[in-house]
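Since the structure comes first, as structure tokens, the remarks are kept for the end.
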Amino acid sequence: QVKLVESGGGLVQAGDSLRLSCAASGLMRSSYTMAWFRQAPGKECEFVAAIIWTGSSTNYAGSVKDRFTISRDNAKNTVHLQMNSLKPEDTAVYYCGRRLGSISTAAFDFRSWGQGTQVTVSP
């Protein structure tokens, strides 16, 4: 059974950058999709970004496009989310998810999840 462990969250100021990482245990296959979702207090879970494990395709939420970049490190079984120009509205717990299949922006399509990492952006 896969285990996903997120890291890299923290407290930053608006305009700063953070890099989140999600380390996956077990064998990663080209047919897997990895994604980042986030959930702010009192709000629903929101899709952020996704990547096919081959790296051939990515998808971003409109609110983070051109600011966030998702990438993967095959050798380390790790997915990264580089977050630049952070805004207070990016404050949330960020979760890493994995699914077998093509990119999806729906959280219910992902069967494996990490424990989450808190990102707080002050004005």
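Looking at 104, 57, 71, which one is of a type in the set (S, T, N, Q), over 30 Å from residue 13 (Cα atoms) and surrounded by 14 or more Cβ atoms within 10 Å (Cβ to Cβ)? Of 104, 57, 71, the one residue that is of a type in the set (S, T, N, Q), over 30 Å from residue 13 (Cα atoms) and surrounded by 14 or more Cβ atoms within 10 Å (Cβ to Cβ) is 104.
For region 46-54, does any single residue satisfy the condition of being more than 19 Å from residue 116 (Cβ to Cβ), of a type in the set (Ser, Thr, Tyr) and part of a loop (DSSP other than H, G, I, E, B)? Give the steps one after another, and end with the answer.
Filtering region 46-54 down to residues more than 19 Å from residue 116 (Cβ to Cβ) leaves 52-54.
Next, only the ones that are of a type in the set (Ser, Thr, Tyr) stay: 54.
If we keep only those that are part of a loop (DSSP other than H, G, I, E, B) too, we end up with 54.
Looking through region 46-54, at least one residue is more than 19 Å from residue 116 (Cβ to Cβ), of a type in the set (Ser, Thr, Tyr) and part of a loop (DSSP other than H, G, I, E, B).
Look through 115, 82 and report the one residue that is open to solvent by 70 Å² or more (accessible area, probe 1.4 Å), within 13 Å of the chain's Cα centre (by Cα) and modelled with pLDDT of 95 or more.
On the way: 82 fails: open to solvent by 70 Å² or more (accessible area, probe 1.4 Å).
On inspection, the qualifying residue turns out to be 115.
Within region 58-69, is there a residue that is of a type in the set (Lys, Arg) and more than 12 Å from residue 32 (Cα to Cα)? Yes, region 58-69 contains a residue that is of a type in the set (Lys, Arg) and more than 12 Å from residue 32 (Cα to Cα). Restricting attention to region 70-93, the residues that are of a type in the set (Ser, Thr, Tyr) and more than 19 Å from residue 32 (Cβ to Cβ) total 2. Just need a number here: residues in region 32-45 that are part of a loop (DSSP other than H, G, I, E, B) and either open to solvent by 50 Å² or more (accessible area, probe 1.4 Å) or acidic (Asp, Glu) (or both). Residues in region 32-45 being part of a loop (DSSP other than H, G, I, E, B) and either open to solvent by 50 Å² or more (accessible area, probe 1.4 Å) or acidic (Asp, Glu) (or both): 5 in total.
The values are calculated or read from the model by the stated rules, or taken from the named source; none is laboratory data. Because the structure is predicted, anything quoted here is derived from the model rather than measured. In this analysis, Cβ positions are derived from the backbone assuming ideal geometry, glycine residues included, and neighbour counts consider all displayed protein chains. The area values use the complete protein model at the heavy-atom level, side chains included, leaving out ligands, DNA and RNA. Shrake-Rupley method; radii C 1.70, N 1.55, O 1.52, S 1.80 Å.
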